[in-house]
1. So what are the ³J(HN,Hα) numbers for region 283-295, from phi and the Karplus equation (6.51, -1.76, 1.60; θ = phi - 60°), rounded to whole Hz, Gly and Pro as x?
2. Put +1 on the Cβ of each Lys and Arg and -1 on the Cβ of each Asp and Glu in the chain; which of Ala434, Ala519, Gln230 then has its Cα farthest toward the positive end of the dipole?
3. Mind checking the log10 I(q)/I(0) for region 208-305 at q = 0.11, 0.15, 0.18 Å⁻¹? Debye, one equal scatterer per Cα, no solvent, two decimals.
4. If you wrap a convex hull around the C-alpha atoms of region 49-122 and split its volume per residue, what is the figure in Å³?
5. Per the Cauchy relation, a quarter of the hull surface: what is the mean projected area of the convex hull of the alpha carbons in the chain, in nm²?
6. Pairs to check: Lys2/Lys417; Lys94/Lys306; Lys88/Lys581. Give those whose C-alpha atoms are more than 19 Å from each other in this structure.
7. Please compute the net charge surrounding Gly543, taking Lys and Arg as +1 and Asp and Glu as -1 over other residues with Cβ under 12 Å from its Cβ.
8. Would you mind giving the average projected area, over all directions, of the Cα convex hull of region 313-461 in nm² with one decimal?
Amino acid sequence: MKPTLGLTGLTSNAMALIAPGAFLWLTFYLQSTTKNTGPAMWMGIVGALLLCLSTAVCYAEMAKLYPGTGSSYFFAEQAFLNRDKAWKYARISKFIVGWASHLYYWIYPGVMVGTMGIVCGYVAGTIWPNFMSASNPGMIFMMVVAVIFSFAIAYIAHRGVSSSTAINMVINIIQITALLIFAFFAIQYRTHHKPGSEAWQFDSTSGEAYTYEFKTLPVVTAGVSADVIQRDPTGVPLPKLDAAGKPVPFHIAYQEYDASGNFLAHTSAISVVSPHHWSWVFVQATIAILILVGFESVTTMSGEAKNAKRDVPIAVLTSLLVQGVLFYFFEYFAANYFLNSGYSMQSATGSAAPIGDMMVIVGDALFGAGHGRIFMLAEAATVILALIGTTLSCMNTGARVTYAMGKDEELGGEFGKLHQRNLTPHRAIWTLAAISAVIGCIAVAVLFGDAGAPTDAAIAALPHGFWSSFGYTTHDKMAALPNTLLMVTLASNFGTFVLYALSCLLCIVAYHKHPNHSAIRHTIIPAFGLLANLACMAFYVIGPWGGYGTKMEPLLALGIAAIWGAYGAYHFYVVGKKAGKSVLLTSRT
């Protein structure tokens, strides 16, 4: 590979993968569907950041010793080969690390292309509400977008890392600016609307915000009575009228829980940053890890760095600190602080894009009725750009790990070849594009399963058609199915925890008895990272049976990981046997 990347280019690629624009839009919905753990959302980000920082230190330290393409896959080989007694475990250790990283790198882009389908569905429903519901987009429409987007990103990645870097740098600037603007306006909305003051409430069916109370009538379905909003022929909710025949203004409130114990909103800024229950923090962290991973992607580009030993370690830590501390902390605080009776956490659970809904309310409050939709669409455009950047960066990273394993003939030898003109691992890139398209379709297949299942009234109100309502059955049937987006996200995250835990262990091995050994950087921090990753992995089992969060999705994610691990063991043995390789090295290279 040709060394073309300096410190700015390396950092920009990693920052694109840790994209606040894309992940605030995506993970707020996922984190809101974890039943009773929603109040700990912000503290879950903190927990995930501490875990990532400890792991990032390990990657940075190993990049100083072993600047080469392949990231932790390459580190695993070098760490053991440089041991006087443990060198014979080099092959099996690097295969385990490489195979675990594929559980992360091959599923993660699929989550991103699925998210692009969701965002495009939300935008289409906002612009053409008679064609598509913004809150509950059509499954087939989202799948088609996911497939097209997957191969479009692969084409950019195929052309080379230089063009990818330039695109990522521009996207970083745009998305960060846009999300900071929203965060500032969201906080301003909360501070300017005291409890009891007139404000706006959101209607998911029409996708608009209104300043009046909605007229409702009790409707009995299957023996259960529920208040249903009354609408005019165009779908606009009718206002509740007072004795004088005038619309009753909507007055905002910040009630914490409803009568059923469902979380609604934070009563204060202190509540936003409080853990509430530490078990809830663990549940939130197992999802929040998705928004912070990517800092290690820089280490896969060491072969394309001008000064890998100096720049790669700096880029690893800088990208994580800038995106995590400066932007995610602020943006997640703003979104949680905004929650109110006009748009509660329960509203977020039933929407494909809660952040988009909040933008509509904020835009209407600032620019006047009807202008919130324009503000949201402008912000959504930056989210689409962010998704392009993060998917491109992840596909580049995953393809290079696959390329490294192909070069070692641990995967198909064709994966270890570069394009003659572009010098990119093109076979790995196009294979990953196909895998991402399939996973993206799975992710949006039951987007509103489990806790996010829409009501029967919401399903009945969907525009009917192949593109808009196919796949929506009844509330009870959808509630009995797993949320497939959350399921594949947790599967990817589990791969992340495995990879990061192994990388922390590798750092301890690599610096054992090394002349530059530091007790803090090479023992204490890696040990903390190892334990933190193992704790989050354990919560996939402990959480569901302890009544924390949802049950189906983490257990299915564990099943996916188990199948992948079993197939990896079979593949390792069969490929090694055909190539005449032994499980343990017989000679030190």
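1. 4, 5, 5, 5, 8, 5, 4, 4, 7, 10, 5, x, 4
2. The residue sitting farthest along the positive end of the dipole is Ala519.
3. -0.68, -0.92, -1.05
4. So the per-residue hull volume is 109 Å³.
5. 26.6 nm²
6. Lys94/Lys306
7. With Lys, Arg at +1 and Asp, Glu at -1, the net is +1.
8. It is 13.5 nm².
The values are calculated or read from the model by the stated rules, or taken from the named source; none is laboratory data. These numbers were taken from a predicted model, which means no experiment stands behind them. Glycine gets a Cβ as well: all are built from the backbone with ideal geometry, and neighbour counts include every protein chain shown. The area values use the complete protein model at the heavy-atom level, side chains included, leaving out ligands, DNA and RNA. Shrake-Rupley method; radii C 1.70, N 1.55, O 1.52, S 1.80 Å.
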